[in-house]
Amino acid sequence: MTASDQEGTGGRVSRVVALIAFLVVALAFYFIVLGRIAFDLLGTGKPAAIGIGIGVLILPIIGVWVVVTSVRAALAHQHLARRMHDEGLELDTSELSRRPSGRIVKHTADALFERVKQEWEADPDNWRTNYRVARAYDYAGDRSRAREIMRRAVDLERAERRGE
């Protein structure tokens, strides 16, 4: 990777982090406004307003939960990605065929998945093979399985750090 590639990647990461930070702050403001509306409705003492207030209060509670769990998962995934990169075990997709959009062509992603799946089947309790197969699922377009296996990779890596 050249210095200009690294600068481009760093700039892209900074923009993504700034966008996420902006969205979290905007959502926090939104949740505060919703909470205030909910408490105003609850304070009226009218049954209909109290019912609506309870419903409105549930929205920011669920929203905070979604934001917190999403950010925690993203940080955990980033931690694994950093470790995999440092260990030189990240999947190499540089040779895979790509569409003009930059997305990997399906049949090459499927071939990558089959190769990585064999590694995973040989060592399914290793967080590294779980991470690699989760990334391969993602490249192959199976996002739900990618998330499921990535959660397993995070759990296995945490257990390894704790010495379990």
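The values are calculated or read from the model by the stated rules, or taken from the named source; none is laboratory data. Owing to the predicted nature of the structure, the values given are computational and were not obtained by experimental measurement. All Cβ positions, even for glycine, are placed from backbone atoms using ideal geometry, and neighbour counts span all protein chains on display. We work out accessible area using only protein heavy atoms, side chains counted, and drop any ligands, DNA or RNA first. Shrake-Rupley method; radii C 1.70, N 1.55, O 1.52, S 1.80 Å.
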Answer residue from the stretch 108-128, given it is touching a Ser or Thr at 6+ places or on another chain (Cβ under 8 Å), open to solvent by 40 Å² or more (accessible area, probe 1.4 Å) and assigned to a helix (DSSP H, G or I) and is nearest to ARG152 (Cα to Cα) among those: TRP120
Residue list for the stretch 34-90, filter: touching a Lys or Arg at 6+ places or on another chain (Cβ under 9 Å) and either among the aliphatic types (A, V, I, L, M) or assigned to a loop (DSSP other than H, G, I, E, B) (or both): ALA73, ALA76, LEU80, ALA81, MET84, LEU89, GLU90
Single match in GLU121, GLU148 (criterion: under 22 Å from THR93 (Cα atoms) and within 14 Å of the chain's Cα centre (by Cα)): GLU148
Residue pairs meeting the criteria (Cβ under 7 Å; at least 6 apart or on separate chains; first open to solvent by 90 Å² or more (accessible area, probe 1.4 Å), in the stretch 144-164; second at pLDDT below 95): ARG145/TYR137
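Criterion first (within 30 Å of VAL105 (Cα to Cα) and open to solvent by less than 70 Å² (accessible area, probe 1.4 Å)) does VAL71 satisfy it? Can you show your working first?
Numbers: within 30 Å of VAL105 (Cα to Cα): yes; open to solvent by less than 70 Å² (accessible area, probe 1.4 Å): yes.
Yes.
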